[in-house]
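Remarks on the structure that follows.
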Amino acid sequence: MEKIIDENKQGESLILDHKEGNTKKLFIESYGCQMNFSDSEIVASILSNEGYNTTQKLEDADLVLVNTCSIRDKAEQTVRKRLKYYDKIKRKNPKMKVGVLGCMAERLKTKFLDEEKIVDLVVGPDAYKDLPNLLQDVDEGRDAINVILSKEETYGDISPVRLNSNGVTAFVSITRGCDNMCTFCVVPFTRGRERSRDPQSIIEEINDLWTKGYKEITLLGQNVDSYLWYGGGLKKDFENASDIQKATAVNFAKLLDLCAKAQPKMRYRFSTSNPQDMTLDVIETMANHRNICNYIHLPVQSGSDRILKEMNRLHTRQEYFKLIDNIRGIIPDVAISQDMIAGFPTETEEDHQDTLSLMEYVKYDYGFMFAYSERPGTLAGRKMEDDVPADVKQRRLNEIQALQRQHSLYRTQQHVGKVEEILVEKSSKKSDAHWAGRNSQNIVAVFPKEHYKPGDFVNVKILDCTSATLIGEAIGYSENN
Ligand code: SAH
Ligand code: F3S
């Protein structure tokens, strides 16, 4: 679910529909996962009630907020560089205030105020509703910080402003936090315990998006398959819930079903699934609804049983294969993508070969691949030496990426010659005469624009492909219009 970031570019900044009467200017940019981008929309919504409209010009801003990522060291370094750049701007505009949001805020807490003199405000992922009070502190010349993690907060009552939007696709968050405690991962520490959002508020948000013309929703969570609503509270306390709460609980399969039925013409995706929490009723629900896309992001991290165990991933290689076989048995044309980590502590050449052979078995459609980065505070960071040399990590990563490229090409080639339903999103980056959209399997397709427009579902004959893109021509509207 992660966005790959070019370090030399600024994070995506947001454009807000300007609210009449707002005079202060907010520049907000986001790094890291889709959840951060979605959270920034919540923050912009909260601040629009505090007199702020967003600006795309950093130089003009009264308040600069950066929503940060801690997942790997490199992500943190990117933000540190951005802060240096803000420093230069602040010299020209001394009134400008700077705040840090997100996972780095949560991880570093007051250290941020000590280490980065430019920072006035530090706010963790569960404390955004406190921003109006914190800004008051800043205005009165005090440093402001709130990094308290919550057992309840889901921001279900806040209607996010849709920023930087193509008007066709949107994210809707359904869970926050993660209880899985993979030993390499900082997320459980920065985003807290897992909690689910009231399905009613999810459906209301989706209905609202439909009336505004949106056609595709991605349901977001660190671990969507463990979604569980029984009236509020932490997932781990479900055992103590009442009989009525247990009988009326909504799990992820049920939620998908509710969403698919609430708006039968809306297209749905979801991210991310942890294999250990994915159940067959989710796959069956996908198969039962044509408006749930045939695409599953199913990170495995490693193909070695020993390393999976060290990572606290609670399934074996064989169980993963079984899951893949079951998924493909129920949804034959499903696309599956992976996240993979090269060079986890103690990883041997044999473990690495196991990863490559697992990839050969699955032949993923797409992948996000990373060199292991030790994160302070995680179990692996505390208990295991980061003992795979950097050059070995890099070589293994290169091998994994090269194999993935082959598999991606193989998979996209299977679409050539077929007619597929594409939801038009925007102009192709390479050609203004072409639309770009995605098929059910999440592969980007481009085709000549003709009379079609963003938001149309179009049947496209696929004529050619690269490893990442399908090239085709429209043959008419699909029945979904
Ligand atoms: N459940 C999350 C996973 C978050 S992190 C989600 O919804 O995306 C995204 C990916 O980053 C992980 O799947 C993993 O492959 C990678 N990652 C996490 N911690 C890492 C670390 N310490 N070093 C390298 N890669 C890491
Ligand atoms: Fe991280 Fe594992 Fe949760 S990768 S987000 S601890 S599922």
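The values are calculated or read from the model by the stated rules, or taken from the named source; none is laboratory data. In this text, all values refer to a predicted model and were calculated from it rather than measured experimentally. Because the Cβ atoms are built from the backbone with ideal geometry, glycine has one as well, and the counts that use them run over all protein chains shown.
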Subset tally (residues that are charged (D, E, K, R), free of Cβ contacts under 8 Å to residues at least 12 places away in the same chain and either touching a Cys at 6+ places or on another chain (Cβ under 9 Å) or not in a helix (DSSP H, G or I) (or both)) for segment 341-395: 0
Some residue of segment 285-299 being among the aromatic types (F, W, Y) and closer than 17 Å to W229 by Cα: no
Close pairs from segment 56-72: first at pLDDT below 95, partner in a loop (DSSP other than H, G, I, E, B) and of a type in the set (A, V, I, L, M, F, W, C), Cβ under 9 Å, at least 6 apart: Q56/L14; Q56/I15; L58/M96; E59/M96
Filtered residues of segment 69-104 (kept if part of a loop (DSSP other than H, G, I, E, B) and within 23 Å of G192 (Cα to Cα)): C69, S70, I71, R72
When residues of segment 173-182 are limited to those that are part of a loop (DSSP other than H, G, I, E, B) and more than 9 Å from ligand 1 (Cβ to nearest atom), the one nearest to P299 (Cα to Cα): M181
Which numbered condition P332 misses (of (1) within 15 Å of I307 (Cβ to Cβ); (2) free of Cβ contacts under 8 Å to residues at least 24 places away in the same chain): (1)
Where a residue in segment 397-417 is closer than 15 Å to V362 by Cα and its partner, wherever it lies, is among the β-branched types (V, I, T), with Cβ under 7 Å and at least six apart: I400/T355; T412/I443
Residue within segment 338-346 that is more than 15 Å from ligand 2 (Cβ to nearest atom), at positive phi and of a type in the set (S, T, N, Q) present: yes
Residue satisfying all of: in segment 302-313; out of contact with any Phe, Trp or Tyr (no Cβ under 8 Å at 6 or more places or on another chain) and in contact (Cβ under 8 Å) with a residue 60 or more places away in the chain; farthest from N439 (Cα to Cα) among these: N312
Enumeration of residues in segment 59-77 that are over 18 Å from the mean Cα position of the chain (by Cα) and surrounded by 22 or more Cβ atoms within 10 Å (Cβ to Cβ): A61, L63, V64, L65
Count of residues meeting criterion [out of contact with any helix residue (DSSP H, G or I) (no Cβ under 6 Å at 6 or more places or on another chain) and among the β-branched types (V, I, T)] in segment 146-171: 4
Condition broken by H297, with the remaining ones in (1) crowded, with 20+ Cβ neighbours inside 10 Å; (2) more than 16 Å from ligand 2 (Cβ to nearest atom) satisfied: (2)
Residue selected from segment 267-284 under the condition surrounded by 20 or more Cβ atoms within 10 Å (Cβ to Cβ) and more than 19 Å from the chain's Cα centre (by Cα), by the criterion farthest from M35 (Cα to Cα): I283
Residue pairs meeting the criteria (Cβ under 6 Å; at least 6 apart or on separate chains; first free of Cβ contacts under 8 Å to residues at least 12 places away in the same chain, in segment 174-201; second of a type outside the set (D, E) and within 11 Å of ligand 2 (Cβ to nearest atom)): P188/C178; P188/M181
Residue list for segment 183-213, restricted to those being within 28 Å of V123 (Cα to Cα) and in a loop (DSSP other than H, G, I, E, B): T183, F184, C185, V186, G192, R193, E194, R197, D198
Residue that is over 21 Å from S165 (Cβ atoms) and either surrounded by 18 or more Cβ atoms within 10 Å (Cβ to Cβ) or over 28 Å from the mean Cα position of the chain (by Cα) (or both), where the choices are F447, F457: F447
Matching residues, segment 157-172, being farther than 17 Å from E425 by Cα and either outside any loop (DSSP other than H, G, I, E, B) or modelled with pLDDT of 95 or more (or both): V172
Among the residues listed as V186, V172, V138, V168, the single one being within 16 Å of ligand 2 (Cβ to nearest atom) and either of a type in the set (A, V, I, L, M) or not assigned by TED's automatic domain parsing to the domain that holds R107 (or both): V186
